[in-house]
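Novice: Would you mind keeping the following structure in view while I ask a few things?
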Amino acid sequence: MTSGLLFACVGALLFVMGVSGVLLIRHLLRRILAFNLMGSGAFLVLVGLAQRHGVADPVPQAMVLTGIVVAVAATALALALVRRLHALTGKLEPPEADDD
Amino acid sequence: MKRPVVIPAALLFAVVLILAMVDLAPPALDLRPLVAANLASSGVAHPVTAVLLNYRAYDTLLEIGVLLLALVAILAVSESVPTTSSTSATSSDLLLPMLGRIAAPVMVVVAVYLLSAGTSAPGGAFQAGAVLAAAAVLLHLTGLLPGWRQPGVSLRWGLAGGFLLFVGVGAILLLVEGDLLRYPPDHAGVLIFLIESGLTLSLGLILAGLFLFLSHDKGDVG
């Protein structure tokens with residue numbers, strides 16, 4: 001197993017942890033963190049898989065670089081929305097109740 | 001509860017995904033030779049920068065557009081948040097502001113170095129912009145830079161400047177070369193460095209703004 005493949009496997013685990021967090025956690029701040037974990041896992045899979053034969057590929061690296069910056073912006077927007085929700089309702093959880 | 005369903009499904013997905021990746025065949029399309037073959041005419045010497053600002057410059061243009069959009073959305077959302085009375089953050093701590101004063105100029109130098117190194121080594125506009133933004137956040141956290149409430153005219157130009165410069169260069173190239181962002185090989189290096197400089201400044205301001213606009217209720221009107 002090359003180091004690139006190991007990165008990709010760790011990325012898959014991070015992605016799965018992030019997905020579970022997004023689905024299970026109701027606290028919005030922690031849900032945003034889980035969402036970021038999911039994104040980091042996806043980036044790691046992209047970069048790791050591309051260099052699983054030992055040679056780095058610049059195209060996925062550039063894509064991931066773009067993705068990281070966009071993820072930062074999306075996180076900041078999510079935090080602003082959470083802040084607004086907190087200011088309006090005083091809660092840090094999504095307003096609708098879960099049925100199941 | 002969702003927990004008994006989600007966790008086994010997630011574990012199963014992880015196992016299947018990892019097995020698939022271990023067993024994955026070599027890619028049918030290898031872009032590395034293409035990137036390497038055209039590097040000489042791309043204007044830069046580092047393949048990642050060549051991909052970002054020459055081969056896939058369109059992606060980068062849209063990316064800075066997305067960042068600008070996110071910042072505008074944050075401004076729209078957080079505008080009417082009732083803010084507590086602005087207490088000026090005059091900290092009695094001496095060490096922290098001094099360290100901030102020492103670190104910030106060094107970080108600006110590092111950002112300029114990263115920008116100039118991007119043509120031949122890992123680095124470039126994004127890394128440089130991130131360092132610039134980190135310097136601004138550091139200054140804010142040490143109490144030297146107040147949070148931003150509403151962007152003034154110069155700040156607005158700074159925030160949008162990188163995107164406008166990028167679009168401007170693209171439009172000129174569309175008229176001259178006939179294609180959006182197809183650089184003439186002789187001037188590609190200069191054009192890319194021009195775009196990257198604008199991107200660095202705007203990215204630094206935007207990324208700093210993502211933090212400073214959100215924490216404006218602790219500082220002064222900026």
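Every number here is computed from the coordinates shown, using simple stated rules; none is lab data. Predicted, not measured: the structure shown is a model, and the values here were computed from it. Every residue, glycine as well, gets a Cβ built from its backbone with ideal geometry; the counts of neighbours run over all protein chains shown.
Novice: Give B:Leu61, B:Leu29 a once-over and let me know the one that is within 21 Å of A:Val64 (Cβ to Cβ), assigned to a helix (DSSP H, G or I) and more than 7 Å from chain A (Cβ to nearest Cβ).
Specialist: Selected residue: B:Leu61, the only one of B:Leu61, B:Leu29 that is within 21 Å of A:Val64 (Cβ to Cβ), assigned to a helix (DSSP H, G or I) and more than 7 Å from chain A (Cβ to nearest Cβ).
Novice: In the set B:Val22, B:Val66, B:Val6, which member is surrounded by fewer than 20 Cβ atoms within 10 Å (Cβ to Cβ), of a type in the set (A, V, I, L, M) and more than 22 Å from A:Val64 (Cβ to Cβ)? Break it down stepwise before answering.
Specialist: Details: B:Val22 fails: more than 22 Å from A:Val64 (Cβ to Cβ); B:Val66 fails: more than 22 Å from A:Val64 (Cβ to Cβ).
Every option except B:Val6 fails the conditions.
Novice: Looking at (1) free of Cβ contacts under 8 Å to residues at least 40 places away in the same chain; (2) of a type in the set (A, V, I, L, M); (3) facing chain B (nearest Cβ under 9 Å), can you tell me which one A:Ile25 breaks?
Specialist: The single condition A:Ile25 does not satisfy is (3).
Novice: Here are B:Leu203, B:Leu194: which of them is touching a residue at least 40 places away in the same chain (Cβ under 8 Å) and within 25 Å of B:Val72 (Cβ to Cβ)?
Specialist: Result: B:Leu203 is the single residue among B:Leu203, B:Leu194 that is touching a residue at least 40 places away in the same chain (Cβ under 8 Å) and within 25 Å of B:Val72 (Cβ to Cβ).
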